[in-house]
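S.K.: Starting off with a structure, shown below.
Each value in this text was obtained by applying a stated rule to the coordinates, not by laboratory testing. Because the structure is a prediction, the values reported are computed rather than measured. Cβ coordinates were reconstructed from backbone atoms using ideal geometry, including for glycine residues, and neighbour counts include every protein chain displayed.
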Amino acid sequence: MPPKTVFVVDDSEIVLDVVRLTLESAEYHVETMTNWTELDERLQQIAPDLVLIDVRMPDAYGDTALMFFKETRGMVDTPFLLFSDLPVDELKDRASECQADGFVSKSWGGERLIEEVTRHLP
């Protein structure tokens, strides 16, 4: 069985590298993007198994982008997780408000990141 594909969107190259290495250590195929345009272009080529999106991006908030991809692009079956260093209660509320499938705090570390991604994969 081929590895599950996870798209990670964050404006920090350092965060992208850390997340990519962490998820690859769990044998996921990871593709990284630094903005929503890159994500939108890549989604037209391949459907990932899960999308992990940063909440605070320069061009749009992750929760707004998530709603765009779910509603406009019809990606209702693809799990989207919000990803942020916001306080966990605020992150949880934002995830609930935009109907994200879940959330991951950047403060949780690699092991918890892998657990949350694994838990939300189909």
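S.K.: Distance between the C-alpha centers of region 65-95 and region 1-30? Whole Å please.
M.R.: Cα centroid to Cα centroid, the span is 17 Å.
S.K.: Net charge near MET1, counting Lys/Arg +1 and Asp/Glu -1 over other residues with Cβ under 12 Å of its Cβ? Write down the numbers at each step before the final one.
M.R.: Values: positive: LYS4; negative: GLU27, ASP49.
Once all neighbours under 12 Å are counted, the net charge is -1.
S.K.: Continuing with the same structure: Within region 69-103, report the trypsin sites (Lys or Arg not before Pro) that DSSP leaves as loop and that have at most 14 other Cβ atoms within 10 Å.
M.R.: Details: sites: LYS70, ARG73, LYS92, ARG94; in loops: ARG73.
Answer in residue order: ARG73.
S.K.: Could I ask something else about it? Once amide H atoms are placed 1.01 Å from N in the peptide plane, what residues at a sequence separation of 5 or more from ARG56, or on another chain, have their amide H within under 5 Å of its amide H?
M.R.: Answer set, sorted by chain and number: GLY62.
S.K.: How compact is region 5-120 by the rule of thumb for globular proteins, expressed as Cα Rg over 2.2 N^0.38 Å? Provide the component values of the computation, followed by the final result.
M.R.: Numbers: Rg = 12.6 Å, N = 116, 2.2 N^0.38 = 13.4 Å.
That works out to 0.94 for region 5-120.
S.K.: Now for a separate question. Normalised by the number of residues in region 37-110, what is the relative contact order in percent for Cα pairs under 8 Å and 6+ residues apart? Before the final figure, lay out the partial values.
M.R.: Details: 86 pairs, mean separation 21.3, N = 74.
Computed value for region 37-110: 29 percent relative contact order.
S.K.: Here's something else I'd like to know. With both partners inside the chain, how many of the DSSP beta bridges are antiparallel, as a percent to the nearest 5? Show your work: numbers first, answer last.
M.R.: Working: 1 of 18 bridges.
Here the share of antiparallel DSSP bridges comes out near 5 percent.
S.K.: Next question. Along the charge dipole of the chain, pointing to its positive end and built from +1/-1 on Cβ of Lys, Arg, Asp and Glu, which listed residue (MET75, LEU16, PHE103) has its Cα farthest out?
M.R.: MET75
S.K.: In deg cm²/dmol, rounded to 500, what helix-only [θ] at 222 nm does the chain give when every DSSP H run of at least 4 residues adds -39500 (n - 2.57) and the total is split over its residues?
M.R.: Value at 222 nm, helices only: -12500 deg cm²/dmol.
S.K.: In addition: Roughly how big is the chain's charge dipole about its Cα centre, with Cβ charges of +1 (Lys, Arg) and -1 (Asp, Glu), in debye to the nearest 20?
M.R.: On the way: 11 positive and 25 negative charges, 49 e Å.
Result for the chain is approximately 240 debye, rounded to the nearest 20.
S.K.: How large is ³J(HN,Hα), in whole Hz, for each residue of region 100-116 in order, when computed from phi with the Karplus curve 6.51 cos²θ - 1.76 cosθ + 1.60 and θ = phi - 60°, using x for Gly and Pro?
M.R.: 5, 7, x, 8, 9, 7, 5, 7, 6, x, x, 5, 5, 4, 4, 4, 5
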